[in-house]
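Have a look at the structure below before the remarks.
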Number of protein chains: 2
Amino acid sequence: MFQETIKRIRPVAPEFTEKARERLDNLTKPQGSLGRLEEFAERLVAITEDTLPVLDKKIIFTFAGDHGVAEEGVSAYPSEVTRQMVFNFLNGGAGINILACHAGAKVVVVDIGVKSEIAGAFINEQVGKGNFLSKKIIFGTKNMRHGPAMSKNEAVKCIQAGIDLAYEYAGQGYKIFATGEMGIGNTTPSSAIAAVLTGRPVSEVTGKGTGIEDETLKIKIGVIADSIRVNKPDPSDPIDVLSKIGGAEIGGIAGLIMGAAARRLPVVVDGFISTAGALIAYCLAPDTKDYMFSAHNSAERGHKAMLEKIGLQPILDLHLRLGEGTGAALAMLMIEAGLKIYREMATFEEAAVSGKSG
Amino acid sequence: MFQETIKRIRPVAPEFTEKARERLDNLTKPQGSLGRLEEFAERLVAITEDTLPVLDKKIIFTFAGDHGVAEEGVSAYPSEVTRQMVFNFLNGGAGINILACHAGAKVVVVDIGVKSEIAGAFINEQVGKGNFLSKKIIFGTKNMRHGPAMSKNEAVKCIQAGIDLAYEYAGQGYKIFATGEMGIGNTTPSSAIAAVLTGRPVSEVTGKGTGIEDETLKIKIGVIADSIRVNKPDPSDPIDVLSKIGGAEIGGIAGLIMGAAARRLPVVVDGFISTAGALIAYCLAPDTKDYMFSAHNSAERGHKAMLEKIGLQPILDLHLRLGEGTGAALAMLMIEAGLKIYREMATFEEAAVSGKSG
């Protein structure tokens, strides 16, 4: 199934971009004057191979997972916050709930690797039903400073879980996906992945995450360097990288993106951690890039290096560094704006407006 | 009335920014991790002096005016397009209609200086009633290459029309305003204003507008230089600048911003031409700056110089160069997102989420 999905991922067809361009150039505005909104519309047409696509059903997947490496003191928050935040998501009080609602998108919280049991506790509390999915592959990663974060088999299962979600929700008629995550400590594996897959020094791609002090940042950089030295991840083998120095939610995000691309659906990639997942997907299947929208320029150091490697230009730059899918929710509003322009504006002829002189 | 409005404009109170900051820091997210969304919320609280502001009624004013200088061949489109586009706005087919609807904002098209009669024609066609206002001060400006675009008295009347609109719609309960414009040729006076009020050379603040060729750009720069030489606008007298090398819609925008500031309401400034209006308002009453949100970084050369002069950081950068208020509509969605975060997110205590360790 995993290999089959990769085989299904094809680059988008330029003839659809051209068809979209033709319509855009007849709308009552100077050609190209709606800038990136026009680019979004073109890309949606090319992705869906539909000259009048719709984005009526939008969904954000917030993958939750814990990280053994958190015990090294790399985060400003204790590990139990991952689980607490899952309940905050299900109660509707987190940033992603507010912004997804603002964007008219559904949020599904996916437990793919939280270290404690969530499903049982969730069922007891009877909250947020339908917004929670258990796709648990692991109970948190192992501390990657001392060995692989997870096995290769577990890493593949995480990706497969993401692919399954994409297929399942594509089948339910969702038209655009977005990625998000929650996992105390997860900027640490994301920076490790960035370093290995972009070839940049660890210090250049490691930032302050949720807001650690300078002293802790030094420790974090050391922990990442140790993890790479101990595990020797193979940069030419994305599964090896994901299993040794990654995380369950990063694998889930990679899989969701691959599944979206295989089903010819657009997927909005949130910030730093999501882009680490996107980079794994890109290295496994480079054509996934055609289906990705980079939501925003994260305040987290190292994000830009990954975006450059994939070749993505972020949509927003609002200095966000929360994750969860918050930037993706906002970017969905801009992508949708592009599509509405394309679908709804009058042409010069319809509006009896004169074209360019001379 | 004009001088009274200026007297009413005060800087925002820092104690309200602090109150907003206190709440923001207790929400379930690392402090500051929602970046500029938090800034928007802080600013809205300070502007309205309300610790729980609402933005339920939003309105975009698209001021339309013609420019005598268009006869110099500075635009890619013929002058009659201004009037044709007004009808396109009233029929709902223009970019601003689509994007304002996306943002949940009303659009009012204001004829402040179109060269032909609009009101009569409009009434006959019975379209878009309630979305059109006649505040006609002039029937187009005069060609500024040969003398003042309008009289000082007309310039003041244009500003006053904008102030009146702000007061009128504040009275109707609108909570946030945005500026927009339509006027073939209006990047030419806007660049002239930018040059005079920022002190930069004309060539540095003059761009291709709706998409003119390199040859036409040279002509445009020459026309602007001539207009400044002929009229000798006084950089210390914004009314002198507006009347000699400005336009009716630019004056209306300046007035709307001043009225918003006097009524303590936020106002979203669209792109290049709107920022020329904002710069006039800023030079007349520098505290207006506290009430302005810069919607986006326009693709038009010269925009940045004006934003720097006022001290504004644009919200979006989507390479837009359409005007009408399109960028402002999109930016409203981001400002509203900031307010929703502030109003609706759970606090650490409410959600039983642990705070920062150590």
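The values are calculated or read from the model by the stated rules, or taken from the named source; none is laboratory data. Treat the numbers as computed from the prediction; the structure is a model and nothing was measured. Reconstructed Cβ throughout: ideal geometry from the backbone, glycine too, with neighbour counts over all protein chains shown. Heavy atoms of the whole protein, side chains included, go into the accessibility calculation; ligands, DNA and RNA do not. Shrake-Rupley method; radii C 1.70, N 1.55, O 1.52, S 1.80 Å.
Looking at B:LYS129, B:LYS106, can you tell me which residue is at pLDDT 95 or above, open to solvent by 20 Å² or more (accessible area, probe 1.4 Å) and out of contact with any helix residue (DSSP H, G or I) (no Cβ under 6 Å at 6 or more places or on another chain)? Show your work before the answer.
Details: B:LYS129 fails: at pLDDT 95 or above.
Step by step, each of B:LYS129, B:LYS106 is checked, and only B:LYS106 is at pLDDT 95 or above, open to solvent by 20 Å² or more (accessible area, probe 1.4 Å) and out of contact with any helix residue (DSSP H, G or I) (no Cβ under 6 Å at 6 or more places or on another chain).
Could you please find all residues in region B:166-206 being out of contact with any strand residue (DSSP E or B) (no Cβ under 6 Å at 6 or more places or on another chain) and aliphatic (A, V, I, L, M)?
Once the filter is applied, which keeps residues that are out of contact with any strand residue (DSSP E or B) (no Cβ under 6 Å at 6 or more places or on another chain) and aliphatic (A, V, I, L, M), region B:166-206 yields B:ALA166, B:ALA170, B:ILE184, B:ALA192, B:ILE193, B:ALA194, B:ALA195, B:VAL196, B:LEU197, B:VAL202, B:VAL205.
Could you grab me the full set of residues in region B:336-354 that are at the interface with another protein chain (Cβ under 8 Å from one of its Cβ atoms) and not aliphatic (A, V, I, L, M)?
Hits for region B:336-354 are B:GLU336, B:LYS340, B:GLU344, B:GLU350, B:SER354.
For the subset of region B:182-224 comprising residues that are among the acidic types (Asp, Glu) and closer than 20 Å to A:GLY32 by Cβ, which member is farthest from the chain's Cα centre (by Cα)?
By that ranking, first place goes to B:GLU215.
Within region B:10-69, which residues are in contact with a strand residue (DSSP E or B) (Cβ under 9 Å, 6 or more places away or on another chain), among the hydroxyl-bearing types (Ser, Thr, Tyr) and surrounded by fewer than 20 Cβ atoms within 10 Å (Cβ to Cβ)?
Residues satisfying the conditions do not exist here.
Looking at region B:267-276, can you tell me whether even one residue there is within 18 Å of B:MET292 (Cα to Cα), of a type in the set (D, E, K, R) and surrounded by fewer than 24 Cβ atoms within 10 Å (Cβ to Cβ)? Don't jump to the end; show me each part of the working.
Let us first name the residues in region B:267-276 that are within 18 Å of B:MET292 (Cα to Cα), namely B:267-276.
Next cut, of a type in the set (D, E, K, R) only: B:270.
Cutting the leftovers down to surrounded by fewer than 24 Cβ atoms within 10 Å (Cβ to Cβ) gives us none.
The answer is no, given that none of the residues of region B:267-276 is within 18 Å of B:MET292 (Cα to Cα), of a type in the set (D, E, K, R) and surrounded by fewer than 24 Cβ atoms within 10 Å (Cβ to Cβ).
Based on what the data block shows, is A:ARG43 over 13 Å from A:GLU324 (Cα atoms) and facing another protein chain (nearest Cβ under 8 Å)?
So A:ARG43 does not fit the description; no.
On the given criteria, is A:LYS289 open to solvent by 10 Å² or more (accessible area, probe 1.4 Å), within 26 Å of A:LEU52 (Cα to Cα) and either among the hydroxyl-bearing types (Ser, Thr, Tyr) or more than 14 Å from every other protein chain (Cβ to nearest Cβ) (or both)?
On the way: open to solvent by 10 Å² or more (accessible area, probe 1.4 Å): yes; within 26 Å of A:LEU52 (Cα to Cα): yes; either among the hydroxyl-bearing types (Ser, Thr, Tyr) or more than 14 Å from every other protein chain (Cβ to nearest Cβ) (or both): yes.
Considered against the rule, which asks whether it is open to solvent by 10 Å² or more (accessible area, probe 1.4 Å), within 26 Å of A:LEU52 (Cα to Cα) and either among the hydroxyl-bearing types (Ser, Thr, Tyr) or more than 14 Å from every other protein chain (Cβ to nearest Cβ) (or both), A:LYS289 comes out as yes.
Report every pair of residues separated by at least 6 positions or lying on different chains whose Cβ atoms are under 9 Å apart, first residue within region A:263-286 and on the phi < 0 side of the Ramachandran plot, second of a type in the set (S, T, N, Q) and surrounded by fewer than 24 Cβ atoms within 10 Å (Cβ to Cβ).
Filtered contacts from region A:263-286: A:LEU265/A:THR48; A:PRO266/A:THR48; A:GLY271/A:ASN297; A:LEU279/A:THR198; A:CYS283/A:SER236; A:ALA285/A:THR5.
For a quick check of your reading of the model, give me the residue pairs whose first member lies in region A:330-356 and is closer than 24 Å to B:GLU336 by Cα and without any contact (Cβ under 8 Å) to a residue 24 or more places away in the chain, whose second is of a type outside the set (A, V, I, L, M, F, W, C) and in a helix (DSSP H, G or I), with beta-carbon atoms closer than 7 Å and at least 6 apart or on different chains.
Listed pairs, sorted by first residue: A:LYS340/B:HIS102.
Table: residues versus (1) touching a Pro at 6+ places or on another chain (Cβ under 7 Å); (2) buried (at least 23 other Cβ atoms within 10 Å of the Cβ); (3) assigned to a loop (DSSP other than H, G, I, E, B).
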| position | (1), (2), (3) |
| --- | --- |
| A:PHE139 | no, no, yes |
| A:ASN143 | no, no, yes |
| A:MET150 | no, yes, yes |
| A:PHE177 | no, yes, no |
| A:GLY185 | no, yes, yes |
| A:SER190 | no, yes, no |
| A:ALA194 | no, yes, no |
| A:LYS220 | no, yes, no |
| A:ASP226 | no, no, no |
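Just one of (1) in contact with a Leu (Cβ under 6 Å, 6 or more places away or on another chain); (2) farther than 23 Å from A:LEU322 by Cβ; (3) open to solvent by less than 50 Å² (accessible area, probe 1.4 Å) trips up A:GLY173, so point out which.
(1)
Anything in region A:147-181 that is farther than 21 Å from A:ALA329 by Cα and either under 16 Å from the mean Cα position of the chain (by Cα) or small (Gly, Ala, Ser) (or both)? List them, or say none.
So the first thing to find is which residues in region A:147-181 are farther than 21 Å from A:ALA329 by Cα, and the list is A:147-161, A:164, A:171.
Those that are farther than 21 Å from A:ALA329 by Cα and either under 16 Å from the mean Cα position of the chain (by Cα) or small (Gly, Ala, Ser) (or both): A:GLY147, A:ALA149, A:SER151, A:ALA155, A:CYS158, A:ILE159, A:GLN160, A:ALA161, A:ASP164, A:GLY171.
Filter region A:89-106 for residues that are more than 12 Å from every other protein chain (Cβ to nearest Cβ) and not aliphatic (A, V, I, L, M) and give the result.
Residues of region A:89-106 more than 12 Å from every other protein chain (Cβ to nearest Cβ): A:105-106.
A:LYS106, the sole residue that qualifies.
Exactly one of these conditions fails for A:ARG10: (1) at the interface with chain B (Cβ under 9 Å from one of its Cβ atoms); (2) of a type in the set (D, E, K, R); (3) within 27 Å of the chain's Cα centre (by Cα). Give me its number.
A:ARG10 satisfies every listed condition except (1).
Suppose we filter A:THR51, A:THR62 for residues that are over 26 Å from B:SER298 (Cβ atoms), of a type in the set (Ser, Thr, Tyr) and within 14 Å of chain B (Cβ to nearest Cβ); which single one remains?
Within the list A:THR51, A:THR62, the selection yields A:THR62.
Please specify each residue of region B:300-328 satisfying the condition of being touching a residue at least 24 places away in the same chain (Cβ under 8 Å), facing another protein chain (nearest Cβ under 8 Å) and either open to solvent by 50 Å² or more (accessible area, probe 1.4 Å) or outside any loop (DSSP other than H, G, I, E, B) (or both).
Scanning region B:300-328 gives B:ARG321, B:THR326.
Consider region A:162-181. How many of its residues are without any contact (Cβ under 8 Å) to a residue 12 or more places away in the chain and either among the basic types (Lys, Arg) or under 18 Å from A:ILE6 (Cα atoms) (or both)?
1
Take the residues in region A:70-88 that are in a loop (DSSP other than H, G, I, E, B) and either among the aliphatic types (A, V, I, L, M) or buried (at least 20 other Cβ atoms within 10 Å of the Cβ) (or both); name whichever of them is farthest from the other protein chains (Cβ to nearest Cβ). I'd like the intermediate steps shown before the answer.
Step one: list which residues in region A:70-88 are in a loop (DSSP other than H, G, I, E, B), which gives A:73-79.
Subset that is either among the aliphatic types (A, V, I, L, M) or buried (at least 20 other Cβ atoms within 10 Å of the Cβ) (or both): A:74-77, A:79.
On the way: A:VAL74: 11, A:SER75: 8, A:ALA76: 5, A:TYR77: 6, A:SER79: 10 Å.
Among those that are in a loop (DSSP other than H, G, I, E, B) and either among the aliphatic types (A, V, I, L, M) or buried (at least 20 other Cβ atoms within 10 Å of the Cβ) (or both), it is A:VAL74.
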